[in-house]
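The values are calculated or read from the model by the stated rules, or taken from the named source; none is laboratory data. Bear in mind the structure is a predicted one, so any value in this text is a computation, not a measurement. Cβ placement follows ideal geometry from the backbone for every residue including glycine, while neighbour counts extend to all protein chains displayed. SASA here: full protein model, heavy atoms, side chains in, ligands and nucleic acids out. Shrake-Rupley method; radii C 1.70, N 1.55, O 1.52, S 1.80 Å.
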Amino acid sequence: DEALAGESQSMNLFTALNNALDIALASDDTACVFGEDVGFGGVFRCTVGLRDKYGSERVFSTPLCEQGIAGFAIGMAAEGATAIAEIQFADYSFPAIDQLVNEAAKYRYRSGSMFDAGRLTVRMPYGAVGHGGLYHSQSPEAYYCHTPGLKVVVP
């Protein structure tokens, strides 16, 4: 297997995410990464250096509006681009739950398979801040795991 034959490198989760985003941007000219504070590297620094490397049209910060981030990402993916949206903390995805559950998840089904938002990725760090439990450390991925049309991936 070619992937197993190459050199490997030990990485922490932050470095692995940054590397994966770098690979996605390098290999797909339609890929864009966006979200709150993403342009300067994000609160967990997972997008550090990507705006300098790929430009502010492909790696950019958005306003503090999770519904807008999700809606923009769904529209982008529906038009054929690879949309990689970041919700700063998974807890903040609840204002966007209508967009994610009722639009992204059902888009292909609703259109009779004529359209889809399959090139959509929404990255949501969860459970990361031990001292901010009320709004920064919830783990809502179970809600999304039980939504037909969405796939949840946890490293």
Quiz item: What's the local net charge at residue 61, with K and R +1, D and E -1, over the other residues with C-beta under 13 Å away?
Solution: -2
Practice problem: Report, largest value first, the span of the C-alpha coordinates of region 86-155 along each principal axis, in whole Å. | Solution: 45, 24, 20
Quiz item: Based on the Cα gyration tensor of the chain, what are the three equivalent ellipsoid semi-axes, each the root of five times an eigenvalue, rounded to whole Å and given largest first?
Solution: 23, 20, 17
Quiz item: Which residue, 87, 97, 23, has the most motion in a Gaussian network model of the chain that connects Cα atoms within less than 10 Å?
Solution: 23
Quiz item: Ignoring any ligand, DNA or RNA, what whole percent of the accessible area of region 83-155 comes from carbon and sulfur when the probe is 1.4 angstrom?
Solution: 57
Quiz item: Between residue 134 and residue 22, what length in nm is gained on full extension when 0.36 nm per residue of separation is reduced by their alpha carbon distance?
Solution: 37.1 nm
Practice problem: Divide by every residue of the chain the summed helix terms, -39500 (n - 2.57) for each DSSP H run of at least 4, and state the resulting mean residue ellipticity at 222 nm, rounded to the nearest 500 deg cm²/dmol. | Solution: -8000 deg cm²/dmol
Quiz item: Do any trypsin sites (Lys or Arg not before Pro) in region 1-61 lie in a DSSP loop with no more than 16 other beta carbon atoms within 10 Å, and if so, which?
Solution: 45
Quiz item: Counting Lys +1, Arg +1, Asp -1, Glu -1, what net charge surrounds residue 35 among other residues with beta carbon under 11 Å of its beta carbon?
Solution: -3
Exercise. Write down the accessible area per residue of region 82-155 in Å², having rolled a 1.4 Å probe over the full set of protein chains.
Key: 61
Practice problem: Select from region 70-155 those GluC sites (Glu not before Pro) which occupy a DSSP coil region and have at most 13 other Cβ atoms within 10 Å, ordered by residue number. | Solution: 79
